[in-house]
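Taking it in order: structure first as structure tokens, then the write-up.
Taken together, the values in this text are just the output of simple stated rules run on the coordinates, not laboratory data. Owing to the predicted nature of the structure, the values given are computational and were not obtained by experimental measurement. Cβ atoms come from the backbone with ideal geometry, glycine included; neighbour counts cover every protein chain shown.
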Amino acid sequence: MNFITPPAVTVNAPQVIASLRKLVPSRMLTRPQTMLVSELQAVRLRELLKITTPHFPHDVLMNLRGVEIEFDGTIPYSGSTHWNGKHWVIVLNATESKYRQRFSLLHELKHIVDHTTKQHLYGDTPTHASAKLAEQTADYFAACVLMPETFVQALCSQGIHGPNLLCKYFEVSQKAMYIRLKHLNLKAEKP
């Protein structure tokens, strides 16, 4: 189930990833600082890809040179990331919805971005708490890329409220939109 049509332009993943990694200070960060860096990385990703509209054309990520994307209908999770010795591989669950795949793709990209800086973001010693924070941060990054604060607030100020309407603008699930609205302290009707 390959829902994405590759774009004509190929983006150099190592350059994009390196640019996002440079935003992480060379010191241990607090949880709020980690989330702030994640948001800055989301903004920078959109800038690097020259995306200035509310909608994020996820197909641009399908041609990231240096990252291979695979679809597997047998995995029991939404996505995973691994290094195969030559390049990064993101595996997405082919049975999940287009919206879920979009979110998972960006979530997994964040794990790639964090690979060399995770000690500053999540601590030197892997623990359950640091693993949980890494997952939450990857979700937050995906939400910031797909639903940028400025565009969400602009639509809300125009009278477009609630996840039911907004999720169509951003091509995300109602649940993801609801969570994003709550993070932004905007009126969020439960889907």
Legend entry - Size of charge dipole - the chain - debye, nearest 20, with Cβ of Lys, Arg +1 and Asp, Glu -1, no other charges: 380
Inset, instruction - Work out from phi, with θ = phi - 60° and the Karplus expression 6.51 cos²θ - 1.76 cosθ + 1.60, the ³J(HN,Hα) of each residue of region 140-150, listed in order in whole Hz, and give x for Gly and Pro. - result: 5, 4, 4, 5, 5, 5, 6, 10, x, 3, 4
Inset, instruction - Within region 127-189, list the GluC sites (Glu not before Pro) lying in a DSSP loop whose Cβ has at most 15 other Cβ atoms in a 10 Å radius. - result: 189
Legend entry - Proximal lysines relative to residue 98, as straight alpha-carbon distance under 24 Å, when same-chain residues fewer than 8 apart are discounted: 50, 110, 168, 175, 182, 190
Legend entry - Burial ranking of peptide ranges 14-24, 44-54 (average Cβ count within 10 Å, highest at the top): 14-24, 44-54
Inset, instruction - Please report, in cubic angstrom per residue, the volume enclosed by the convex hull of the alpha-carbon atoms of region 98-143. - result: 57
Inset, instruction - Show the residues, 5+ positions off or on another chain, whose built amide H is closer than 5 Å to the amide H of residue 68. - result: 88, 89, 90
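Taking a temperature of 25 °C and a viscosity of 0.890 mPa s, what whole-number D in µm²/s does Stokes-Einstein yield for region 67-171 with Rh from Kirkwood over alpha carbon pairs?
On the way: Rh = 15.3 Å.
The calculation lands on 160 µm²/s.
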Inset, instruction - Let me know the Rg and Dmax you get for region 148-191 when you use only its Cα atoms, in Å. - result: 8.7, 22
Inset, instruction - Compare 118, 175, 98 in a GNM of the chain, Cα atoms joined below 10 Å, and give the one with the largest fluctuation. - result: 175
Inset, instruction - Report Rg/Rh for the chain, rounded to two decimals, where Rg is the Cα radius of gyration and Rh the Kirkwood radius. - result: 0.95
